[in-house]
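Input: a single structure, listed below in structure tokens.
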Amino acid sequence: MSPRELPRLKVVKKKKKHIFLKIILSLIIITFFSALLFFDYIATNAPEFNPDNLYTKESTVLLYNDNTEFARLGEQNRELVKYEELPQVLIDAIISAEDSRFFEHKGFDLPRFVKASLGQLSGNDKAGGASTITMQLSKNFFTSTESRGIEGIVRKFTDIYISVFKIEKEYTKEEILEYYVNAQYLGAYSYGVKQASLTYFGKNVSDLTLSESAMLAGLFNLPYTYDPYNDIEACEQRKNTVLDLMYRHGYISDEQRADAKKITVESMLDKNKENNNTYQDFIDTLVDQVIKETGNNPYVVPMVIHTTLNPDIQVTVNKIMNNSKNFKDNVIQTGIAITSVDNGAILAIGAGRNKTGVRQYNYATMIKRHPGSTIKPFMDYGPLFEYNGATPSTVLADTPYTYSDGTPITDADRQYRGNMTIKEALAQSRNIPALRAFQQVDKNKIANYVHSFGIDYGPNLYESASIGAFEGVSPLTMSAAYGAYARGGYYIEPYSYTKIVYRQTGIEYNRTIKRTQICSLQTAKYINDILIYALNQGAIGKIDHLNTEVAVKTGTSTVGGTAIRQYNLSADAILDSWACLYSREYSIALWYGYDKISHQYYMSTNDGTVGRKILAAKLSKVLFQTNSKLYTS
């Protein structure tokens, strides 16, 4: 480069530098004014913080089928508490779990915000949230929970503005925390820590222990997920996480943490708490179905729901379930489902005994147990009638026999009855004729037939399924399945509501009720005729004062040899005892048994038979009183 070109190069570089500085300055000015405009937009559109709004909420209204109200969900069950009443251990637990620098920041925790934002941008799902307790008040009650896109950004900065300039500016930390602990929903119908303490522990909030405080503090994060009556294991894990956080932030010692972890959630819960809603078993079933089909929780989203509940039948079921004289002991369980033969609606539910809260395990809808011989009309004889032209008079042999792999099959009585008609074989619930019937029909046809009744036998159809040796049915499944035979071969998926109206938008959701013919009327007539005959032959014992035709099928499942040896049980020990009864009006299915068997808790064949007879007789006495006939030959 020549000496003459050097000054010119310096001039060019100087001009480029000036242009670059101008661009930077322009960007800074644009960013500054954009930020001002954004801040002005946030400030102009931010809602006012009114503490009175913290305690208002529309509830979900439940209606009988005549459109009269019988219950409300999400209605606030709240007791307010003053800050001075809060035990220090609960304050420490909440601060540790939700906002460790609550008493230090002014509504916005910049280090936490930056850390959480960087973590989330890097894809770390465990980076945590950036919302302070003050921001949570804003988000939960004055803005929204939107977290994505532009709306999420606007919402987040609106929460920051409300927290810094409206809440923290006007209220003390103690007042803010008081609002927070009183406003939050904490599961099991309970709003605020005072009501939650009474609900879960049966004590005043001021008397909470370290373990109890940690459990309550854990509910602020996800009250539905950590509700102990929904998922006690998740609640236990969350309680222990809160204890770890309290230790990390110096509120408790390692010894206190270890001792508190030894106290389980189950041991802390108030054993005297009773379910205070007569229709709770039905409500639990309804709520689960609404969530499954709409994605919305009626406890959270205000709705008007037109249900199918029959209150008189539900009260009858409750009385039977609550009478300890009807059961072998206080541990044995039962599940009952009653559906309408006319339209397939769920009329009443017995979700289990000794329930202490809402949305607990439902023995009418959630269990997947061996159906035993109750499966034979679907797995064996129904397909034989439908596809092979058999009739109740068709003869099958009850003689020594094996499965296709050579494994012997026997009946409980270890006897053989020789040649017998299908009518007698099904009425007496013989196993060998059932297997012979199963083997005569194409497996694909059997699979389609069984599935059309809403029954799931699992991924593979084995020959042992012919006598109910598979896990997969609940009382509601069986009530709906037998209801199809009762209405002449038409299946209707069971449902607990007909219409939902969202209260905030007025949008309606109408449930489609589909009636599908899945077998011929002739097949249904054959099954009904045989099962009416079975009742008359004493299959369920004597049921007095019947004014209508009733069909019945019972079933049991046996305990395997390994379990019999392990627990030193009698040879006739059983796992499950079933009774399915139906008329032209109602289809009832009930299961009776233990969650898990042990040396102390198990059923003999006689126990199971007596248990189902008692329940079936009491239900029949109330339901089967009209003069009507089934579809019979």
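The values are calculated or read from the model by the stated rules, or taken from the named source; none is laboratory data. If you're wondering where the values come from, they're calculated on a predicted model, not measured in any experiment. Using ideal geometry, Cβ is built from the backbone for each residue, glycine included, and neighbour counts are taken over all protein chains shown. These accessible areas exclude ligands, DNA and RNA; they are computed on the full protein's heavy atoms, side chains included. Shrake-Rupley method; radii C 1.70, N 1.55, O 1.52, S 1.80 Å.
Of all the C-alpha pairs in segment 288-416, what % are more than 25 Å from each other?
51 percent
Fully extended, how many nm does the chain gain between Arg101 and Asn277 (0.36 nm per residue separation, minus their Cα-Cα distance)?
Net length gain for the segment: 59.2 nm.
Run the Debye formula on the Cα coordinates of segment 451-557, all scatterers equal and no solvent, and tell me log10 I(q)/I(0) at q = 0.13, 0.17 1/Å.
Taking Cα atoms of segment 451-557 as identical point scatterers yields -0.66, -0.97.
In what sequence, largest accessible area first, do Lys445, Lys376 appear using a 1.4 Å probe?
Lys445, Lys376
For segment 386-444, take N as its residue count and report Rg(C-alpha) divided by 2.2 N^0.38 Å.
Expressed relative to 2.2 N^0.38 Å, the Cα Rg reads 1.10.
Assign one of three labels to segment 165-300, namely rounded, prolate or oblate, based on the Cα gyration tensor with a ≥ b ≥ c the square roots of its eigenvalues; rounded applies when a/c is under 1.5, prolate when it is not and a/b is larger than b/c, and oblate otherwise.
It is oblate, given that a/c is not under 1.5 and a/b is not larger than b/c.
Express in nm, to one decimal, how much length is gained between Arg503 and Ser598 on full extension, taking 0.36 nm for each residue of separation and deducting their alpha carbon distance. Walk me through the numbers before you get to the answer.
Details: separation 95, 0.36 × 95 = 34.20 nm, distance 4.94 nm.
In short, 29.3 nm is gained.
For the pairs Lys319/Lys355; Lys325/Lys355; Lys139/Lys292; Lys319/Lys514; Lys325/Lys553; Lys319/Lys499, flag any whose C-alpha to C-alpha distance is greater than 21 Å.
Long pairs (Cα-Cα over 21 Å): Lys139/Lys292; Lys319/Lys514; Lys325/Lys553; Lys319/Lys499.
With all pairs of different alpha carbon atoms counted, what Kirkwood hydrodynamic radius in Å does segment 205-285 show? Provide the component values of the computation, followed by the final result.
Numbers: mean 1/r = 0.0728 Å⁻¹.
For segment 205-285, inverting the mean 1/r across all distinct Cα pairs yields 13.7 Å.
Equivalent-ellipsoid semi-axes (√(5λ), Cα gyration tensor) for segment 546-633, whole Å, largest first? Write down the numbers at each step before the final one.
Details: eigenvalues 218, 27, 14 Å².
Rounded to whole Å, the semi-axes are 33, 12, 8.
Given an 8 Å cut-off on Cα distances and at least 6 residues of separation, report the relative contact order of segment 536-633 as a percent.
Value for segment 536-633: 35 percent.
Can you give me the relative contact order of segment 197-237 as a percent, contacts being Cα pairs under 8 Å and 6 or more apart?
Contact order relative to length: 24 percent.
About the Cα centre of segment 370-441, what is the dipole size in debye to 20, counting +1 per Lys and Arg Cβ and -1 per Asp and Glu Cβ, all else neutral? Mind dumping the intermediate values first?
Numbers: 6 positive and 7 negative charges, 21 e Å.
For this selection, approximately 100 debye.
Could you calculate the contour length gain from Lys629 to Glu58, that is, 0.36 nm times the residue separation minus the distance between their Cα atoms, to one decimal place in nm?
200.9 nm
Mind pulling the per residue volume of the convex hull built on the Cα atoms of segment 252-340? Å³ is fine.
188 Å³
If the limit is 32 Å between Cα atoms, which of Lys82/Lys166; Lys368/Lys621; Lys156/Lys262; Lys328/Lys443; Lys271/Lys613; Lys423/Lys618 go over it?
Cα-Cα > 32 Å for Lys156/Lys262; Lys328/Lys443; rest within.
Just grab the label-to-label distance for Ala412 and Lys169, each label 7 Å out from Cα along the Cβ direction, in nm (one decimal).
7.7 nm
Which peptide among 408-414, 599-605, 206-212, 469-475 comes first, and what is the full order, when sorted by highest mean count of other Cβ atoms within 10 Å?
Highest-to-lowest ranking by the protection proxy: 469-475, 206-212, 599-605, 408-414.
Suppose each label sits 7 Å from its Cα in the direction of the beta carbon; what would the Asn448-Val395 distance come out to in nanometres?
3.2 nm
Take Tyr403 and Asp207, extend 7 Å from each Cα along the Cα→Cβ direction, and tell me the distance between the two endpoints in nm.
5.7 nm
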